[in-house]
C-alpha cells in the first residue's frame with residue numbers, strides 16, 4: 001500500500017487547463033459514487049478493492065479500519081490548487097491513494113513537486129545541450145542523411161547554411177528525437193532508401209508497390225504493408241539479404 005514517507009507540506013493541482021474558483025473531489029465511497037483503492041497486500045497478498053473515506057479524526061483512509069465516529073470533511077481545490085500542511089498527514093495519505101490522482105492512473109489532479117520539476121528541467125536542458133553539441137560537430141554527409149530521413153523539404157536543394165540551421169533547430173526543438181536519429185545504426189540505410197525514391201532509382205506505383213526504375217530492370221520489388229511509409233518499407237528490404245545487392249549498387253551510385 002502506498003504511503004507518504006516524507007513529512008512535508010504538499011501542493012496538489014487540478015489536471016486541467018482552466019480551473020473553476022472552487023472544485024470538490026470525491027472524499028468518500030458510496031454506492032452511487034465508488035471510491036476504491038486496490039490494495040495488493042490485502043487478502044493474504046492476493047489483493048482486494050478497499051473503500052476509501054477521508055475523515056480527519058481517523059487513523060486510516062480505509063473505511064474498514066475506521067470507527068463509527070468519522071467526521072467527514074469536503075476536499076476543495078481553490079483556483080485549481082489544494083495546499084495540505086505536513087500536520088494533516090491523513091489527508092495527504094488519502095490523496096496519495098485517491099483514484100483521481102494521476103500517480104494512480106487518474107486524470108483529476110496531481111501532486112506538484114518543485115524538486116522533481118527542477119530535476120526534470122535539468123535533464124531536459126542537459127539533453128538539449130548534448131543534442132546541440134552533437135549537431136554542431138556533424139559532417140555534411142551525416143547532416144544530409146538526417147535531413148533526408150527526418151526533415152521536411154528537399155534538403156538536396158538547400159545551401160549548406162540552410163541545412164546546418166535546420167539541423168540545429170531540429171536538435172534544439174526535439175533533442176531526444178535528434179539524438180535518437182543521429183545515433184540510429186540504420187540511418188545510412190534509411191538515407192539510401194530516401195535517396196533511391198527521391199532520385200527515382202525506384203518508383204512507387206499506386207501508392208502501394210515499389211518497382212525498380214533502372215534501364216534494364218523495371219521489376220516489382222515489394223508491396224508496401226498497409227499504413228507503412230514507402231521509405232520505411234524500402235529501407236527494411238535493403239537491410240535484408242534480398243536487398244543487400246541493390247543496396248551496395250545504390251551506395252556506389254551515390255558516392256559517384
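Observations on the model:
- Principal-axis tilt of helix 230-239 within the chain, Cα atoms, nearest 10 degrees: 70
- For segment 86-135, the calculated P(r) over all alpha carbon pairs, in 10 Å bins from 0 to the bin holding the longest distance, is 23, 30, 25, 16, 6, 0 percent.
- With the helix formula -39500 (n - 2.57) applied to DSSP H stretches of n ≥ 4, the chain reaches a computed 222 nm mean residue ellipticity of -12500 deg cm²/dmol.
- If you take the Cα centroid of segment 219-248 and the Cα centroid of segment 26-53, the two points sit 53 Å apart.
- On Cα atoms only, tilt of 244-255 relative to the major axis of the chain in degrees: 70
- Net length gained if the chain between residue 57 and residue 159 were fully extended (0.36 nm per residue, minus Cα distance): 29.6 nm
- Every Cα-Cα pair in segment 1-127 was counted, and those over 17 Å apart are 62% of them.
- Taking a point 7 Å out from the Cα of residue 13 in the direction of its Cβ, the residues of segment 96-119 whose backbone N falls within less than 16 Å of it are 101-103, 107-119.
- Highest-fluctuation residue, 107, 147, 45 considered, GNM on the chain with Cα pairs under 10 Å: 45
- Nearest 10 degrees, 0 to 90: helix 114-137 Cα axis against the chain principal axis: 10
- Estimated Rh, the chain: Kirkwood, alpha-carbon pairs, angstrom: 23.6
- Residue order, fewest to most surrounding Cβ atoms within 10 angstrom, among 169, 250: 169, 250
- In terms of its alpha-carbon gyration tensor, segment 186-247 comes out rounded; the largest-to-smallest axis ratio a/c stays below the 1.5 threshold.
- Sorting 88-100, 149-161 by average packing, meaning the other beta carbons within 10 Å per residue, from highest down gives 88-100, 149-161.
Values quoted throughout were computed directly from the atomic coordinates according to the rules given, and no laboratory measurement underlies them. Because the structure is a prediction, the values reported are computed rather than measured. All Cβ positions, glycine included, derive from the backbone under ideal geometry; neighbour counts span all protein chains shown.
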